[in-house]
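> Mind having a look at this structure? Questions to follow.
The values are calculated or read from the model by the stated rules, or taken from the named source; none is laboratory data. No experiment lies behind these values; they were computed from the predicted model shown. Every residue, glycine among them, receives a Cβ derived from its backbone with ideal geometry; neighbour counts consider all protein chains shown.
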Amino acid sequence: MKKYNVEIIEKGIVIGPAFKLNKTDKPIHKFQGIEKELKTLDKAVNITQSKLKHLYDSMLKDSKDLEAEIVQTHILMAEDPTFIDAIKSKICKTKISAYEAVNIVCDEFVTIFKNMDDGYLSQRANDIYEISSQMKSNIVNQKQVMPKEPSIIITDLLTCNDILAFEKNDVLGFVSSKGFSLSHASILARKNQIPTVCGIENIMDLVKNGDTIIISQNELIINPDEETIEEMKIKQIELENFKLELKKNKGLKTQTTDGREIQVLANISSSADLEESIENNCQGVGLFRTEFFFMDKITPPTEEQQYQIYKSVLEKLNGKEVTIRTIDIGSDKPIEYVDYKEENNPALGKRGVRVYLDYMDLFKTQLKALLRASCHGNLRIMYPMIISVKEVKFIYKQIDIVAKELEKEGKAYEIPPQGIMIETPAASLISDELAPLVDFFSIGTNDLTQYTLACDRENHNVVLELDTRHNSILKQIKICVENAHKNGISCSICGELASDESLTEVLLDMGVDKLSVSPNRILNMVTKIREI
Ligand code: PEP
Ligand code: MG
């Protein structure tokens, strides 16, 4: 029996046989002349593109908009002339097979991406691996062999296509060597709620097909003894029972024992999140992170595309409150068509509302789509990274301008309630000045903690200092709630602190009106509130 600590992508406890995906095995594919290799490459590229396009269409058909966006990124990469030409030139210059050329060029591109300082871009190395691996499979015409029984899939690199291919089969879990929590494959694993872990470099050497594997939260066990298996089975039952208990509270009033009602809302950034939130009977959406629809693209979504997305979310929520945040780009969430000047501290640089000044078209297009969508449900617009009254006034001016433009264009619109995120100490300290101007506050404790404690939330070196329950954060929450209530507006929390059950009672005591949490935390919060 061997135990390893792993990084969790999606939590869970599973026990099952290992099934190794040997994608990296080198098939026999010898060089057959430049002409022939170029032809083989062209064919493989075409097959890869058409398979991806097919996948994209089927996702759109299933209204999986965000997942479709992921596939679209891969289509763009599979068509990228820089990438394809580099492979062709490798074949011609070094007289190697198409398969070898894809391998080498993939490694070169991955090195370039990985060396990028920017966390988000460096993670795109995974996409290159993924596309290359699909091309290689198509060169050798490899078919994915499926496991014969429910299994834990072991792989060097987990790709979106692996997850999609296995979705309908009985997969218990995924274990991969490489993996990043921000990667697209990780997003899909979470969406499908398949327990997934990563971080063991030589996992393919450590495991044999058929070995018994246990994934238990952040622990991976290979060939456990009987006693451990029995222990895990008990833990599994406990976890299942706990989930069943939580489900009993689905749809019940989120009311404390003394009768105070607290709204439990959802934080979403994909259609899967939305489905899960509705399934868990959320009372609305407290934070829709729209920037994910703008990332991984070479041009921004149009007004019409955005309008359709927002409208569909509002209609699906059927009159429940939906708070849509305008794009919070910059820092760890860059987008290709915004030219960020080099910054020493991007988290303290151009992000959130600060980008809008330089990219008015981007901002105004989103506002127009939001105002139009507002006719279809209970919308509230929220603005990120506010530090001043001046910024709020600037935004209102833009609202006036776009409303006039919509009027002229003859498009129906409504101006919904508008609020701000309190996620900087500046905003919390002047919350008395901001409250009279806006319709609501929502406290973004993730950034509020980063900026109050002067700890970069992406920097592992300060992970111990990043104390999310620091008294300075709780004091600011109290100030904001008081100032909100004095001005007759509500104050919610949409940062991760909202789902910290050890603080729920403290937050309710302070008067926090609403808690917005990840879709899979909704039932935990409903249960917790009902116990208070
Ligand atoms: C926050 O900062 O708490 C927040 C909810 O916004 P994000 O995590 O998207 O920065
Ligand atoms: Mg934030």
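> Counting residues that are within 25 Å of L497 (Cβ to Cβ) and modelled with pLDDT of 90 or more, which strands (runs of 3 or more DSSP E) fully inside the stretch 194-313 reach at least 2? Let's see the steps before the verdict.
Values: elements: 196-198, 212-216, 219-222, 263-268, 284-289.
In the stretch 194-313, 263-268, 284-289 are the strands (runs of 3 or more DSSP E) which contain 2 or more residues that are within 25 Å of L497 (Cβ to Cβ) and modelled with pLDDT of 90 or more.
> Looking at the structure I just gave you, is K411 farther than 22 Å from G495 by Cα and either within 16 Å of ligand 2 (Cβ to nearest atom) or in a helix (DSSP H, G or I) (or both)? Working first, answer last.
Numbers: farther than 22 Å from G495 by Cα: yes; either within 16 Å of ligand 2 (Cβ to nearest atom) or in a helix (DSSP H, G or I) (or both): no.
Criteria not met by K411.
> Right, here's the next one. When you go through (1) buried (at least 17 other Cβ atoms within 10 Å of the Cβ); (2) within 30 Å of P416 (Cα to Cα) one by one for K486, which number turns out not to apply?
(1)
> Which one is farthest from ligand 2 (Cβ to nearest atom) among residues in the stretch 426-452 that are in a helix (DSSP H, G or I) and surrounded by fewer than 18 Cβ atoms within 10 Å (Cβ to Cβ)? Working first, answer last.
As a first pass, look at the stretch 426-452 and keep what is in a helix (DSSP H, G or I): 426-429, 431-437, 445-452.
Then keep just the ones that are surrounded by fewer than 18 Cβ atoms within 10 Å (Cβ to Cβ); that gives 426, 429, 432-433, 436-437, 446.
Numbers: A426: 14, L429: 17, D432: 22, E433: 21, P436: 23, L437: 20, N446: 5 Å.
Per the criteria, the residue is P436.
> Turning to a different aspect of this structure: For a quick check of your reading: which helices (runs of 4 or more DSSP H) sit entirely within the stretch 51-115 and have at least 1 residues that are among the aromatic types (F, W, Y) and more than 20 Å from the chain's Cα centre (by Cα)?
Numbers: elements: 65-79, 81-94, 98-114.
The helices (runs of 4 or more DSSP H) meeting that bar are 81-94, 98-114.
> Could you look through the stretch 464-511, keep only residues that are outside any helix (DSSP H, G or I) and among the polar types (S, T, N, Q), and pick out the one that is farthest from ligand 1 (Cβ to nearest atom)?
Here is the first cut: in the stretch 464-511, the ones outside any helix (DSSP H, G or I) are 464-470, 487-495, 500, 511.
Within this subset, residues satisfying the condition of being among the polar types (S, T, N, Q) are 468, 487, 490, 492.
On the way: T468: 10, N487: 22, S490: 16, S492: 11 Å.
Residue satisfying both the conditions and the ranking: N487.
> All but one of (1) without any contact (Cβ under 8 Å) to a residue 40 or more places away in the chain; (2) surrounded by fewer than 16 Cβ atoms within 10 Å (Cβ to Cβ); (3) outside any helix (DSSP H, G or I) hold for D361; state the number of the condition that does not hold.
Of everything listed in (1) without any contact (Cβ under 8 Å) to a residue 40 or more places away in the chain; (2) surrounded by fewer than 16 Cβ atoms within 10 Å (Cβ to Cβ); (3) outside any helix (DSSP H, G or I), D361 misses just condition (3).
> A follow-up question, please. Confirm whether V353 is surrounded by 22 or more Cβ atoms within 10 Å (Cβ to Cβ), within 21 Å of T449 (Cα to Cα) and at pLDDT 85 or above.
Working: surrounded by 22 or more Cβ atoms within 10 Å (Cβ to Cβ): yes; within 21 Å of T449 (Cα to Cα): yes; at pLDDT 85 or above: yes.
Yes; evaluated as a whole, the condition is true for this residue.
> Return the residues of the stretch 1-45 that are at pLDDT below 85, under 30 Å from E240 (Cα atoms) and touching a helix residue (DSSP H, G or I) at 6+ places or on another chain (Cβ under 6 Å); say none if nothing qualifies.
I9, E10
> Shifting gears a bit: Look through the stretch 300-332, keep the residues that are aliphatic (A, V, I, L, M) and under 20 Å from A272 (Cα atoms), and return whichever of them is surrounded by the fewest Cβ atoms within 10 Å (Cβ to Cβ). So that I can check it myself, show each step before the final result.
Filtering the stretch 300-332 for residues aliphatic (A, V, I, L, M) gives 309, 313-314, 317, 322, 324, 327, 329.
In the following step, the residues that additionally are under 20 Å from A272 (Cα atoms) were identified as 309, 313-314, 317, 322, 324, 327.
Numbers: I309: 20, V313: 22, L314: 23, L317: 22, V322: 29, I324: 25, I327: 26.
Restricting to residues being aliphatic (A, V, I, L, M) and under 20 Å from A272 (Cα atoms), the top hit is I309.
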